[in-house]
Amino acid sequence: MSLSELMKRGPLFLDGGMGSLLQAQGLMPGEAPETWNLTHPEKITAIHRAYYEAGSHLVMANTFGVHPMRYPIDECERMIRAAVNCVKAAREETEEKFIGLDVGPCGKLLKPLGTVDFEEAVGYYAQIVRMGVESGVDCIFIETMNDSQETRAALLAAKENCDLPVFVSNAYGADGKLMTGGTPESMAAMLEGLGADAIGVNCSLGPEALAPIVERYLAAASVPVLMKPNAGLPEVKDGKTVYSVMPDTFSEQIAALVPKGLRIMGGCCGTTPDYIRTLRQTVGSSVPPQIAPSAGTVIASRSRTVELGKDPVIIGERINPTGKKRLRQALQDGDMAYILNEAIVQEERGAEVLDVNVGTPGIDEAEMLCRAVEELQAITDLPLQLDTADPQAMERALRRYNGKAMINSVNGKQEVMDAVFPLVKKYGGALVALTLDEEGIPQTAEGRFAIAERILTEAEKYGIARKDILFDPLTMTVSADPSAARVTLDALRMIREKTGCGTVLGVSNVSFGLPAREVLGSIFLTMALHTGLSAAIMNPLSDAMTGAMISYRTLTERDANCGEYIRFADTLPAKTTAAAPAGTAKAAGAEGQPQGLRRAVVKGLCKEAGRLAREALEAGTGGLDLIQKEIIPALDEVGKGFEEKRIYLPQLMMSAEAAESAFKEVKARSIRTENQENRCRVVVATVKGDVHDIGKNIVKLLLENYGFEVTDLGKDVPPEEILAAVERLHAPVCGLSALMTTTVPAMAETVELIHEKAPWCRVMVGGAVLTEDFARELGADGYGKDAMASVRLAERFAEEGEEKP
Ligand code: B12
């Protein structure tokens, strides 16, 4: 059986861990396993052989750590060739014995979270894949990826550079999420869209803890699902890493998933050939059931999925310059802040997907769409609808889009289908198809339906699943044609009933040219929903439109206890709800939402935060007040969200940046004017292992404003470096900051070192994890709960001089 057949039928057995086996053979801690392909090929070959003998069908070459960001390219090539040769040497027969190119993460984050550009990452992975293919592997196995965008980069590179099967495996936390927030459902949607041949999970946890994640994959995926758990959670005993799940338990827990559909299985850290042998015996002759293709139409951002065709969905229409002068201007000026704000406002008012159309005269649409997608995805996790008629702009945006996008649009014109279908096939997505063609928009419902059928036939030639096509039967304006609404709704009904496909309508156009547009628009929306509309492109800021949508959900048993309706009513202006029973009237604006600068920081709106801070300062608000009453509470709110897993690292980082830009404005102005010049020298630093420096920067700013001469060593600073600065400057005061429980030991070490080697220096400490008692335990000379306290402490230390009380 070929690898593809075996993987589709299952069970397909993979190999297990490599690192711990190499350590047992003498690999030193810190030594890279891939270097042994060149220095100890016989030992690598012996491990591969043991896995084949244990029953692995697919053994991975020892290439996990090989990456052009770590090694010069010719060395990558030598290591990959040697690694594949080691597996070849171990494979005694080729019948159902395959070799995988093991592809791991680069170790750095991609933009906007990190510094690596997406296309740069694709380029690196492309090199690795080509080297693997030239060396003779049978498949590409991308694994242990904990960020969706890097996973996409590697998968895209594999698909663009070979036609071998590509397996993609992600590393999840115990919360069922990737480090950057991805879920089994969002990953399944995006990876299948990009053409992964098998998807699943590896590393991080044992089989029992990974089982629920695998089950979610099985429910969401239409391709084979794989699992490669650790032998439990790693624990350190007597200085050695040990794993607690033994081969029997490991195998039973995995085997229990085979009847549920698991087809591809092996082991990760801590597993050995013994685990694979036992696993194969335990699974025995059981064969997973046939894969049932998932039925729903799902779109996804990196961390959120939206199903179309179940409950009607609101697609926010406001990021579209048609008829919007202010937005057109913003696009021409490259004013992203305006666009990001439109996104946030729509999200706050209930949009579930955001339409993004940037087509404006005088701008490079491809460039702008790409930029808008990237920036929008940094501040919102709503899935996006990429709305452009330019296939080039569409392709560039699709490459970057971190998820499975809604693609708007294709139509019945042959030329347009020829340009758009290959993109949908390559990148995945749910495609909105407009029922018009070379002849224009048919006047009749039958005419529009006929175009829909032609589009479906053509899409099938590309292998695009029917469920991934939604039809827009086109809303025409009733002021120009009294039958316009009826024809659209008739076409909608025919398409729904005869094709089973989902439907989309931009509803606002119905009232064009008429007064009180929302009255007509909201009734048309209701009629369309009643006819079976899956998603409406509409203005979520319109109470009439959103009210119609929410009322419809409430009236069709989609709103338990009318909760959504009541929450919506709470946001309406008092006038509208005056007749309601006591006490429901509220002022407009989503309740409990932070406003102004606080909101800008919470939502990660960088420019907006800077502008609002500047305006507040110009209007006379004190810098310290701004920090304490706006910036810090906003960061606290974000931190709480992060802790409660409502907010993920990308949003945390955007908020930190927004705080920084507000902070820069404060910094540009002196907080206090009556400076006392030439007070003593103070060295400040965030301790080793900790990159949180916003608090430390505020401490520095305030100390400087009170006349201290501050030397700032930055963040993640080792104890020796801090000591060296204290010694060089003979600084009488040193301020240390730490924000994580894990970096408190580094702080303790630094305090001890300074006390020992620079006894003249007094050390004050601060940061969110510390308390007065904790600071005392660390041996610090003082603890400051905020930046003002750092000034008071420094003043006291300066006064007391070198004599410690
Ligand atoms: C912004 C932020 C980030 C930003 C930091 C950007 C930057 N340039 O600083 C980014 C996104 C990079 C980040 C990364 C991470 N973060 Co973070 N982050 C935060 C957040 C939301 C706000 C921190 C902050 O700036 N607060 C505002 C400042 C002004 O407050 P402050 O630092 O406490 O400073 C004040 C006082 O403490 C005092 N002070 C501070 N220093 C000093 C020094 C002296 C001498 C004195 C006297 C006083 C003093 O004065 C300051 C002004 O009043 C907190 C949550 C929170 N509410 O604290 C989480 C938080 C600190 N992060 C956390 C985590 C887990 C992480 C990550 C590990 C996440 C990850 N999985 O990658 C990484 C860590 C990377 C690393 N190795 O350090 C956890 C820590 C949990 C713990 N208890 O250990 C927190 C608490 C979030 C949470 N609730 O889970 N984070």
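The values are calculated or read from the model by the stated rules, or taken from the named source; none is laboratory data. Because the structure is predicted, anything quoted here is derived from the model rather than measured. Neighbour counts are summed over all protein chains in view; Cβ atoms, including those assigned to glycine, are modelled from backbone coordinates with ideal geometry.
Numerical summary
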{"read-out": "Subset tally (residues that are crowded, with 18+ Cβ neighbours inside 10 Å and near the ligand (Cβ under 7 Å from one of its atoms)) for the stretch 764-777", "value": "4"}
{"read-out": "Near pairs, Cβ below 6 angstrom, 6+ apart or cross-chain, from the stretch 355-374 (touching a residue at least 60 places away in the same chain (Cβ under 8 Å)) to any residue that is part of a helix (DSSP H, G or I)", "value": "E374/R400"}
{"read-out": "Residue check for I291: outside the structural domain of R9 (by TED's automatic domain parsing) and farther than 18 Å from L386 by Cβ", "value": "yes"}
{"read-out": "Selected residue (only one of A775, A768 is under 18 Å from K688 (Cβ atoms), at pLDDT below 95 and outside any loop (DSSP other than H, G, I, E, B))", "value": "A775"}
{"read-out": "D625 vs. criteria near the ligand (Cβ under 7 Å from one of its atoms) and outside the structural domain of K700 (by TED's automatic domain parsing)", "value": "no"}
{"read-out": "Among residues of the stretch 419-457, those that are charged (D, E, K, R), outside any loop (DSSP other than H, G, I, E, B) and either closer than 22 Å to A536 by Cβ or touching an Asp or Glu at 6+ places or on another chain (Cβ under 9 Å) (or both), counted", "value": "4"}
{"read-out": "Top-ranked residue in the stretch 778-799 [being touching a residue at least 12 places away in the same chain (Cβ under 8 Å) and of a type in the set (D, E); ranked as nearest to the ligand (Cβ to nearest atom)]", "value": "D786"}
{"read-out": "First in the stretch 609-627 and modelled with pLDDT of 90 or more, second anywhere and not in a helix (DSSP H, G or I), Cβ under 6 Å, 6 or more apart", "value": "L617/R669"}
{"read-out": "Filtered residues of the stretch 634-658 (kept if in contact (Cβ under 8 Å) with a residue 12 or more places away in the chain, surrounded by fewer than 17 Cβ atoms within 10 Å (Cβ to Cβ) and more than 9 Å from the ligand (Cβ to nearest atom))", "value": "K645"}
{"read-out": "Test: residue in the stretch 22-29 that is farther than 21 Å from A231 by Cβ, surrounded by fewer than 19 Cβ atoms within 10 Å (Cβ to Cβ) and within 36 Å of the chain's Cα centre (by Cα)", "value": "yes"}
{"read-out": "Conditions (1) at pLDDT 85 or above; (2) not assigned by TED's automatic domain parsing to the domain that holds T741: number failed by E643", "value": "(1)"}
{"read-out": "Residue within the stretch 301-310 that is under 28 Å from V116 (Cβ atoms), out of contact with any Cys (no Cβ under 6 Å at 6 or more places or on another chain) and of a type in the set (D, E, K, R) present", "value": "yes"}
{"read-out": "Verdict on E160 being modelled with pLDDT of 95 or more, part of a helix (DSSP H, G or I) and surrounded by fewer than 22 Cβ atoms within 10 Å (Cβ to Cβ)", "value": "yes"}
{"read-out": "Qualifying residue in the stretch 112-127 (condition: touching a residue at least 40 places away in the same chain (Cβ under 8 Å) and more than 27 Å from S301 (Cα to Cα))", "value": "yes"}
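A quick yes/no check of all residues on (1) closer than 23 Å to P184 by Cβ; (2) among the polar types (S, T, N, Q); (3) touching a Lys or Arg at 6+ places or on another chain (Cβ under 8 Å):
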| site | (1), (2), (3) |
| --- | --- |
| G232 | yes, no, no |
| K240 | no, no, no |
| M246 | no, no, no |
| G266 | yes, no, yes |
| T272 | no, yes, no |
| T282 | no, yes, no |
| S285 | no, yes, no |
| Q290 | yes, yes, no |
| R304 | yes, no, no |
